[in-house]
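The values are calculated or read from the model by the stated rules, or taken from the named source; none is laboratory data. Bear in mind that the values here come from a model prediction, so they are computed numbers and not experimental data. Quick reminder, even Gly has a Cβ in these numbers, built from the backbone with ideal geometry, and neighbours come from all protein chains shown. For accessibility, only protein heavy atoms count, side chains too; no ligands or nucleic acids. Shrake-Rupley method; radii C 1.70, N 1.55, O 1.52, S 1.80 Å.
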Amino acid sequence: MKVKGEYYRTIWTKEGDNKTIQIIDQRSLPHEFIIEDLTTVDQVAEAIRDMHVRGAGLIGATAGYGMYLATLEALKSPSFDAHLELAAKHLTATRPTAVNLAWAVNRQLTAIQKGSSSQEKVNIAWRTAVDIADEDAEYCRKIGEAGLKLIKEIQFKKKGDRVNILTHCNAGWLAFVDYGSATSPIYAAHDQGIDVHVWVDETRPRNQGARLTAWELNEHGVPHTVIADNVGGHLMQHGQVDMVITGADRVTYTGDVANKIGTYLKALAAHDNNVPFYVAMPSSTFDWKIRDGCTEIPIEQRNENEVRYIQGLYEGKIIEVLLTPQESPAANYAFDVTPSRLVTGLITERGICDANEQSILQLFPEHKKI
Ligand code: MRU
């Protein structure tokens, strides 16, 4: 995607130095655009844990590059394989909910094992990291193509009137390597001249909607309005939302969806108002082992200060201010699970399916258990 007219992905290797990984530090957006260098596994782990990078796809791609850096570090360690195993555990422990993280680390471990010398393992890890990133971008582009059909159908029904889409959190290109999942169909529709407008949930506590989705849509010129998290239900009741598209951090093979906290409430409101509720995600977000999302998906609990404090721009500087009484404790559940029965469909790189085991496995037959 473009930032001030220049093409960027969210992760890449430094020109002329493929031992340095570069990312956009998302903690400073939308007020400052900062590029950060990552050269060690520890730095990669910190970048994921402290959310310099975030979003399921980008977490996976960053972990992929992290494992490549791990092979470089392993060259200097007494046991190459033991060092890799430790790095894999270290990276996987940084954020528990987005399954793309473990998926990318395991894909790297399986690929690296095939190398017969240490140098060959390094080369394989490099290639696999690039493949994971390229694949993520390409799958998101395809999600855009699939979701565009849905937007066109709504536009047709509305006789060309504006299509209003509500989204939660940031499942845009910042959450992936490029395009985004939930935003990809929106960018595709906008680029084809369809009149789309996006209701952007602010997404407390870290405000990924207000800070990141709004910034992205602004950069791309897509009409949008930021709303407080509690507004969506009211808008749906009054016919001002034609569809909801969210991303996902983990989707069971039965169609339950873990996504940013607050998604479940939007799905309930959408269900009550007959508003279609779609979830856009690449297949790397499926958890092929878990049947019941509500009881089996680990829900990350983050530091209570993310709820107690709020970040913003004051006299040109990014500052944090206390929001709650100093003494009040806070709880910070980062994700919730929307049961499949509330999901109209899943938009994937292979097309759209219903949120149930049969339909998902029809699209991804290689995951059928024999
Ligand atoms: O905590 P985050 O910002 O990493 O949460 C992930 C998200 O951005 C959302 O849950 C998103 O909708 C799914 S990730 C594409």
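Give a residue-ordered list of calculated ³J(HN,Hα) values for the range 271-279 (Karplus: 6.51 cos²θ - 1.76 cosθ + 1.60, θ = phi - 60°; whole Hz; x for Gly, Pro).
Computed from phi, the couplings for the range 271-279 are 4, 5, 10, 6, 9, x, 10, 9, 10 Hz.
Leaving ligands, DNA and RNA out of it, report the carbon-plus-sulfur percent of the accessible area of the range 159-367 at a 1.4 Å probe.
Using a 1.4 Å probe with all protein chains present, the range 159-367 comes out at 47 percent carbon and sulfur.
At a Förster radius of 22 Å, what calculated FRET efficiency corresponds to the Cβ-Cβ distance of Gln301 and Glu85, to the nearest 0.05?
Computed FRET efficiency for Gln301 and Glu85: 0.25.
Post the alpha-carbon centroid distance, the range 230-281 to the range 8-63, in whole angstrom.
So the two Cα centres are separated by 29 Å.
At 222 nm, what value in deg cm²/dmol follows for the chain if DSSP H runs of at least 4 each add -39500 (n - 2.57) and the sum is divided by all its residues, to the nearest 500?
Value at 222 nm, helices only: -12000 deg cm²/dmol.
With only alpha-carbon atoms in the gyration tensor, what are the semi-axes of the equivalent ellipsoid for the chain, in Å, largest first?
Rounded to whole Å, the semi-axes are 32, 24, 20.
Which value, in debye to the nearest 20, gives the size of the charge dipole of the chain about its Cα centre, when Lys and Arg are +1 and Asp and Glu are -1 at the Cβ?
580 debye
Starting from 0.36 nm per residue, how many nanometres of slack lie between Asp272 and Thr225 once their C-alpha separation is accounted for?
The Asp272-Thr225 span can extend by a further 14.6 nm.
Cβ neighbours within 10 Å, averaged per peptide: list 238-244, 303-309, 321-327 in order, most packed at the top.
238-244, 303-309, 321-327
With each label point set 7 Å from Cα along the Cα-Cβ vector, what nm distance links Thr324 and Glu15?
It is 4.7 nm.
Quick check on the chain: of the DSSP beta bridges with both residues there, what percent are antiparallel, nearest 5%?
For the chain, the DSSP antiparallel bridge percentage is about 60.
Based on Cβ point charges of +1 for Lys and Arg and -1 for Asp and Glu, what charge dipole magnitude is obtained for the range 159-367 about its Cα centre, in debye rounded to the nearest 20?
Magnitude of the dipole: close to 120 debye.
Pick out, from Ala210, Gly160, Trp199, the residue whose Cα sits farthest towards the positive end of the charge dipole of the range 151-230, with +1 on the Cβ of Lys and Arg and -1 on the Cβ of Asp and Glu.
Value computed over the given set: Gly160.
If you take every DSSP beta bridge fully contained in the range 227-356, what fraction is antiparallel? Give it as a percent rounded to 5.
So the antiparallel bridges in the range 227-356 amount to around 65 percent.
With +1 on each Lys and Arg Cβ and -1 on each Asp and Glu Cβ, how big is the dipole of the range 111-236 about its Cα centre, in debye rounded to the nearest 20?
That gives a dipole near 260 debye.
Of Leu148, Ser184, Thr71, which is farthest towards the positive pole of the chain's charge dipole, taken about the Cα centre with +1 and -1 on the beta-carbons of Lys, Arg and Asp, Glu respectively?
It is Leu148, whose Cα lies furthest towards the positive end.
For the range 277-337, what does the accessible surface come to per residue with a 1.4 Å probe? Please give it in Å².
Accessible area per residue, the range 277-337: 57 Å².
Name the residue from Gly247, Gln326, Ser284 whose Cα lies farthest towards the positive end of the charge dipole of the range 159-367, charges +1 on Cβ of Lys and Arg and -1 on Cβ of Asp and Glu.
Result: Gln326.
Could you tell me the calculated FRET efficiency between Glu36 and Arg350, based on Cβ-Cβ distance and R0 = 41 angstrom, to the nearest 0.05?
Efficiency for this residue pair is about 0.75.
Sticking with the crude label model, points 7 Å out along Cα→Cβ, report the distance from Ser359 to Asp134 in nm, one decimal please.
3.3 nm
In whole angstrom, how long is each semi-axis of the equivalent ellipsoid of the range 2-135, when you take the square root of 5 times every eigenvalue of its Cα gyration tensor and sort them from largest down?
Equivalent ellipsoid of the range 2-135: 25, 16, 13 Å, largest first.
State the extension gain, in nm to one decimal, for the chain segment bounded by Asp191 and Lys76, taking 0.36 nm per residue of separation less the distance between their alpha-carbons.
36.5 nm
Residue-wise, which Karplus ³J(HN,Hα) couplings in Hz belong to the range 318-324, taking 6.51 cos²θ - 1.76 cosθ + 1.60, θ = phi - 60°, and x for glycine or proline?
Karplus-based 3J(HN,Hα) across the range 318-324 equals 7, 10, 10, 10, 6, 9, 9 Hz.
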